[in-house]
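Student: Please find one structure pasted underneath; my questions will follow.
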Amino acid sequence: MADSQTEARKRSGLAVLLIMLVSLLPLVVQHGYVLRILIMISYFAVASYGWDVIGGYAGQLSLGQAAFFSIGAYAAASAYLIWKLSPAVGALAGVGLAALLALGLGSLVLRLRGPYFTLSTLAAAEVVRILLLHFKSITGGAEGRVIPYTGFNLSALQFATDRPYYYIAVALLALAIWTSYQVSRSRLGFQLAAIRNDEDAAESVGINLMSAKVKAFVISACLTALAGAFYVIYDRYIDPYSTCSSEVSVKILLIALVGGRRSIWGPLLGAVLLIPLTELTNAYFASIRAGASMVVYSIILIIVVLYAPDGLIRVLRRRPSRGAVTLQPGPKGRNSHASA
Amino acid sequence: MSLLEVESLCAGYGDLTIVWDVSLKVEEGEIAVLLGGNGAGKTTLIESIVGINPPQKGSIRFKGEEIQRRGVHRMAELGITLVPQGRGLFGSMSVLENLYLGSYAPIPRAKRAESLEYVYSLFPILRERKTQKAGSLSGGEQQMLAIGRAIMSDPQLLILDEPSLGLAPRLVETVFRSIVEIRRQKKIGVLLVEQNLRQALSVADRGYVLESGRMVLEGRPEDLEANEHVKRAYLGC
């Protein structure tokens, strides 16, 4: 008993320390660019926590998170630019829309397994981008839209400095981490773990596959859309390629993969490593060739898959992942077995 | 009224039909054995019965009720539990977690503690291994766990898809003995899918032989064993 009490005290002490550190950080960080990177880290971590619910816990590799990211982003931007609403309202609407899309799309494509599901999500994101390009009157088409800065305005979420954005980002990050934690210890989390291990077996013990997978997909979409919405509110610029390219989907997935799937801290660690790296590669290599950062990403992915297939967080903790036995989709997928 | 009654069932994948016009039944408290070589359509037939791969034609009745298109996850509630080929364990979960997932449906969940004791009495090794990950068990232990998990759902019909696959002969005997034991104590129906003809027939009350997707023989096990065709094709004499 005494042991668990000191353990709990140690933990809450650590949490308080962490909160203090995080809230004081912008006072220490004077450099605006560094603060900007911290904000980006938070938003992409949130999107990646979203991916982790479907891609990590449920084991269904989604390559279409950019679709949800853009829906959140465009909802926030359009609410403000077209309907003169607070972008925060738009963000909420975007989360709702993303949830609806995940429900509809998920009910269709979550019937597919393994790579077939992955490919459909990839296609879905492509469709969303084409739609965004097509409906110019609302989205601004390929030129995108700029949200003009009109001075401090709380309802428009426009601030003179980056500090308020930082606190918003950190709050959303906390929400994402909390969601991930709740999913991991919930009944749904247990169902998803069974599904990840063996879908047929999970179904034969009585788990409603579609219901559990769709729920996970919806939660995943909500978090990713939330990230997209606040990313645009901060960045004040939006176009279909920067929010809805496969590059965005890959980035979101890669952050979780590198940091560690199904982990409370994995996606955050991934974002802390990859986002500054993107900035560096963009700064140093972009002038050589467009897409140089993708080359760097690929190299990192190869290294991580070879030497830390469970993500770097587990290298730090030196503890095997709960899912280590079945990282790959099993040979028992419906589409891959032809045995009689 | 039989426990399970399959009538003129056709099953396959997409436009391809693999199992043609198959009928079989399993009575309460009886072990029925479905025999056949590789590629005969045994697994296709079983997956069709439990709804993993819905049938193209025919009827499936459980206790007189049509159960087609009920959804696989409803089968456990109805009282039909499949031990899939290759065991279908949740490898990253502990033995105990696997067993608990067996009693996932509401009715078996109420009897969880009792079922768990029964499974432990059947396979004492599982009690020793309860915190160990299922993926780290030996082949025989995994098969015991797969059967144990099925028992946790308190089924009325237990379907086992090649439980002897990849096991040493002595373990095959242990597994078969446990199936007979479960049938005797729980009075449930068992549909046992096997390639291991001689041993399967020795525990069976009824046998079916499936060849190239068609039911070529059915009858009492001693008759099947004496059948010239079976002898030549499966027993090597």
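The values are calculated or read from the model by the stated rules, or taken from the named source; none is laboratory data. The shown structure was predicted, so the numbers you read here are calculated from the model rather than taken from an experiment. Ideal geometry is used to build each Cβ from the backbone, glycine not excepted, and the neighbour counts take in all protein chains shown. Calculation scope for accessible area: heavy atoms of the full protein, side chains included, ligands and nucleic acids excluded. Shrake-Rupley method; radii C 1.70, N 1.55, O 1.52, S 1.80 Å.
Student: If only one of A:Ala125, A:Ala142 is more than 14 Å from chain B (Cβ to nearest Cβ), open to solvent by less than 20 Å² (accessible area, probe 1.4 Å), outside any loop (DSSP other than H, G, I, E, B) and under 26 Å from A:Ser245 (Cβ atoms), which one is it?
Tutor: So the residue among A:Ala125, A:Ala142 that is more than 14 Å from chain B (Cβ to nearest Cβ), open to solvent by less than 20 Å² (accessible area, probe 1.4 Å), outside any loop (DSSP other than H, G, I, E, B) and under 26 Å from A:Ser245 (Cβ atoms) is A:Ala125.
Student: Restricting the search to segment B:27-39, which residues are part of a loop (DSSP other than H, G, I, E, B) and either buried (at least 23 other Cβ atoms within 10 Å of the Cβ) or away from chain A (no Cβ under 11 Å) (or both)?
Tutor: B:Glu27, B:Glu28, B:Gly29, B:Glu30, B:Gly36
Student: Tell me which of these B:Asp15 doesn't satisfy, since it passes every other one: (1) acidic (Asp, Glu); (2) under 30 Å from B:Ser202 (Cβ atoms); (3) away from chain A (no Cβ under 11 Å).
Tutor: (2)
Student: Restricting the first residue to segment A:31-54 and requiring it to be free of Cβ contacts under 8 Å to residues at least 12 places away in the same chain, which pairs with a second residue that is open to solvent by 10 Å² or more (accessible area, probe 1.4 Å) meet a Cβ separation below 9 Å and a spacing of at least six or different chains?
Tutor: Matching pairs, first to second residue: A:Tyr33/A:Glu279.
Student: Quick check on segment B:63-76: of everything there that is over 16 Å from B:Ala11 (Cα atoms) and either open to solvent by 90 Å² or more (accessible area, probe 1.4 Å) or touching a Lys or Arg at 6+ places or on another chain (Cβ under 6 Å) (or both), which residue is nearest to the other protein chains (Cβ to nearest Cβ)?
Tutor: Among them, the one singled out is B:Arg74.
Student: Taking into account only those residues within segment B:92-117 that are over 16 Å from the mean Cα position of the chain (by Cα) and closer than 18 Å to B:Pro163 by Cβ, which is farthest from the other protein chains (Cβ to nearest Cβ)?
Tutor: If we take residues in segment B:92-117 being over 16 Å from the mean Cα position of the chain (by Cα) and closer than 18 Å to B:Pro163 by Cβ, then B:Val95 is farthest from the other protein chains (Cβ to nearest Cβ).
Student: Separate question: Give the number of residues within segment B:32-53 that are over 17 Å from the mean Cα position of the chain (by Cα) and at pLDDT 90 or above.
Tutor: 0
Matching residues to (1) polar (S, T, N, Q); (2) within 20 Å of the chain's Cα centre (by Cα):
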position	(1), (2)
A:Ser70	yes, yes
A:Tyr80	no, no
A:Leu85	no, no
A:Leu100	no, yes
A:Arg113	no, no
A:Phe117	no, yes
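Student: Now a separate question. Quick check: is even one residue across segment A:98-110 assigned to a loop (DSSP other than H, G, I, E, B), at pLDDT 95 or above and open to solvent by less than 20 Å² (accessible area, probe 1.4 Å)?
Tutor: Within segment A:98-110 (the criterion being assigned to a loop (DSSP other than H, G, I, E, B), at pLDDT 95 or above and open to solvent by less than 20 Å² (accessible area, probe 1.4 Å)), the answer is yes, since at least one residue qualifies.
Student: A further question follows. State which residue is surrounded by the most Cβ atoms within 10 Å (Cβ to Cβ) when the search covers only segment B:45-62 and only residues that are within 11 Å of chain A (Cβ to nearest Cβ) and touching a residue at least 40 places away in the same chain (Cβ under 8 Å).
Tutor: Checked segment B:45-62; the qualifying residue surrounded by the most Cβ atoms within 10 Å (Cβ to Cβ) is B:Leu45.
Student: Does A:Gly189 satisfy the condition of being within 13 Å of chain B (Cβ to nearest Cβ), in a loop (DSSP other than H, G, I, E, B) and not aliphatic (A, V, I, L, M)?
Tutor: Details: within 13 Å of chain B (Cβ to nearest Cβ): yes; in a loop (DSSP other than H, G, I, E, B): no; not aliphatic (A, V, I, L, M): yes.
Answer is no for this residue.
Student: Being within 14 Å of chain B (Cβ to nearest Cβ) and at pLDDT 85 or above narrows it down to one of A:Asp310, A:Asp235, A:Asp239, so name that one.
Tutor: Answer to the check: A:Asp310.
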